[in-house]
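The values are calculated or read from the model by the stated rules, or taken from the named source; none is laboratory data. What you are looking at is a predicted structure, and each value in this text was computed from that prediction instead of being measured. Note that each Cβ is placed from the backbone with ideal geometry, even for glycine, and that neighbours are counted across all protein chains shown. What goes into the accessible areas is simple: the full protein's heavy atoms, side chains included, and nothing from ligands, DNA or RNA. Shrake-Rupley method; radii C 1.70, N 1.55, O 1.52, S 1.80 Å.
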Amino acid sequence: MVLDEGHTDDLAAKVLAALRIMLGEAAAREVVAEATGRDGQPDDELRRFFASAFFKEHIKQYRKRPVYWLL
């Protein structure tokens, strides 16, 4: 997965699509806003979150083990 808008494997787009399927549009926006602490465009905020805070915390917690999500 990459963090590249428009790429077929864009992580932010795939996560947002999964959230929309599971929760609906409004709830997906709320989840993204709560997780990122920002109210901008959900895909942009997710991309920013994954590029900074998420991976830093993941590496600290899981000691560089890979992220494995079924998306």
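Suppose we keep only residues that are charged (D, E, K, R) and in contact with a helix residue (DSSP H, G or I) (Cβ under 7 Å, 6 or more places away or on another chain) within region 26-45. Which one would you say is least open to solvent (accessible area, probe 1.4 Å)? Working first, answer last.
Of the residues in region 26-45, the ones charged (D, E, K, R) are 29-30, 34, 38-39, 43-45.
Pick out the ones that are also in contact with a helix residue (DSSP H, G or I) (Cβ under 7 Å, 6 or more places away or on another chain) and you get 29, 38-39, 43, 45.
Values: R29: 100, R38: 117, D39: 136, D43: 45, E45: 14 Å².
My answer is E45.
Looking at A12, is it without any contact (Cβ under 8 Å) to a residue 12 or more places away in the chain and hydrophobic (A, V, I, L, M, F, W, C)?
It is false that A12 is without any contact (Cβ under 8 Å) to a residue 12 or more places away in the chain and hydrophobic (A, V, I, L, M, F, W, C).
Mind listing whichever residues of region 1-25 are open to solvent by 70 Å² or more (accessible area, probe 1.4 Å), of a type outside the set (D, E) and part of a helix (DSSP H, G or I)?
Once the filter is applied, which keeps residues that are open to solvent by 70 Å² or more (accessible area, probe 1.4 Å), of a type outside the set (D, E) and part of a helix (DSSP H, G or I), region 1-25 yields R20, I21, M22, L23.
Which condition does R48 not pass, out of (1) open to solvent by less than 100 Å² (accessible area, probe 1.4 Å); (2) within 12 Å of the chain's Cα centre (by Cα), if it passes all the others?
(1)
Mind listing whichever residues of region 51-71 are open to solvent by 60 Å² or more (accessible area, probe 1.4 Å), over 15 Å from A12 (Cα atoms) and in a helix (DSSP H, G or I)? Can you show your working first?
First, pick out the residues of region 51-71 that are open to solvent by 60 Å² or more (accessible area, probe 1.4 Å): 51, 55-57, 59-66, 68-71.
Applying the additional criterion that residues be over 15 Å from A12 (Cα atoms) yields 56-57, 59-66.
Correct list: K56, E57, I59, K60, Q61, Y62.
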